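The values are calculated or read from the model by the stated rules, or taken from the named source; none is laboratory data. Please read these numbers as outputs of a predicted model, since none were measured by experiment. Backbone-built Cβ (ideal geometry, glycine too); neighbour counts: all protein chains shown. Accessible surface areas use protein heavy atoms only, side chains included; no ligands, DNA or RNA. Shrake-Rupley method; radii C 1.70, N 1.55, O 1.52, S 1.80 Å.
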Amino acid sequence: MKRLYLFLRGGLAALACYSASVAAQALVGADADPHWREAEVELPAAPQASALREFFVSSASPNTFFIDERSLSVGEDGVVRYVLIVRTPGGAQNVTFEGIRCKTGQRRIYASGRADGSWSKARDATWVDISNNGYNRPRAALAAEYFCDGPVPPRDRNEALRRLRHAGGTDSPYR
């Protein structure tokens, strides 16, 4: 009986170590593909008011959020890229060209828009985890509620546009 107890205890310990190892790998990085390479990125044209699509972020935010539909793309590298416009109630506007990588739950800012329509490349354009805090809430909403189906990005630009246009509506298959 004591042997059976020791055998079971050892088996449970081994299973616990294995589970911890798998969990640690998931926390270290969801992307186990060391061969993934990001595609070359071109900065888009300046956003135009006629192409802006408003999207819902949170009732707690007084700001209004838009995506420039002309800039929306899904690269062969799986990155959803877009121009994000954030407007405050006082009239200030922030424009950024960004990307979301659904597979890893990360985002990247490529550039910030200037008032004259030109771009200023980001000083720190590294991939960072999307967190659901105040500053990153628009990216979290875009990833979870509009663009990503878990770790899977939209198939193409048309699907990304459809998700953006219909998410939150009663006909949305993504809710």
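Per the conditions (1) at pLDDT below 95; (2) within 20 Å of GLU42 (Cβ to Cβ); (3) among the charged types (D, E, K, R), the sole criterion not satisfied by ARG137 is (2). Annotation note: of ARG155, ARG163, the sole residue that is within 17 Å of GLY75 (Cα to Cα), outside any strand (DSSP E or B) and open to solvent by 40 Å² or more (accessible area, probe 1.4 Å) is ARG155.
Any chance region 10-31 includes a residue that's modelled with pLDDT of 50 or more and under 20 Å from the mean Cα position of the chain (by Cα)? Yes, some residue in region 10-31 is modelled with pLDDT of 50 or more and under 20 Å from the mean Cα position of the chain (by Cα). Which of the following residues is over 16 Å from the mean Cα position of the chain (by Cα) and open to solvent by less than 40 Å² (accessible area, probe 1.4 Å): PRO44, PRO62? After applying the criteria, what remains is PRO44.
The set of residues in region 49-62 being closer than 19 Å to ALA144 by Cα and not small (Gly, Ala, Ser) consists of ARG53, GLU54, PHE55, PHE56, VAL57.
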